[in-house]
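Encoded as structure tokens, the structure appears first; notes follow it.
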Amino acid sequence: MWLTAQPQTCGSFTPDQRQWLTWMKENIAVEFGISQHSFEYTPFVEHGGIGKAAQVFGDQLSPLMDELTQVLAA
């Protein structure tokens, strides 16, 4: 639901961003949240960790992590 609502509010996500969002969603399902520390572990670390995530999402990474945690861990 969250992902399908996003194109109307912040533009569509690239395939690369969608993959990272899937990994973040999976992390939130297990850990009930996501933080910068999460990017030190699989699958994130194998794909460049927090540095790559910041490159993929730019300055929207931190707000996105907060919003995903709120929506998915609720």
(Q) Looking at the range 1-26, I want the residues that are over 13 Å from Leu64 (Cβ atoms) and have a partner that is at pLDDT 80 or above with Cβ atoms under 9 Å, at least 6 apart or on another chain. Which pairs are those? (A) Met1/Val71; Pro7/Phe13; Thr14/Val56; Asp16/Val56; Gln19/His47; Gln19/Val56; Glu26/Pro43
Q.
For the range 25-50, give me the residue count where each residue is under 13 Å from the mean Cα position of the chain (by Cα), open to solvent by less than 80 Å² (accessible area, probe 1.4 Å) and not polar (S, T, N, Q).
A. 9
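The values are calculated or read from the model by the stated rules, or taken from the named source; none is laboratory data. None of these values were measured; they are calculated from a predicted model. Positions of Cβ are backbone-derived with ideal geometry, glycine not excepted, and every protein chain shown enters the neighbour counts. The accessibility values were calculated without ligands, DNA or RNA, using every heavy atom of the protein model including side chains. Shrake-Rupley method; radii C 1.70, N 1.55, O 1.52, S 1.80 Å.
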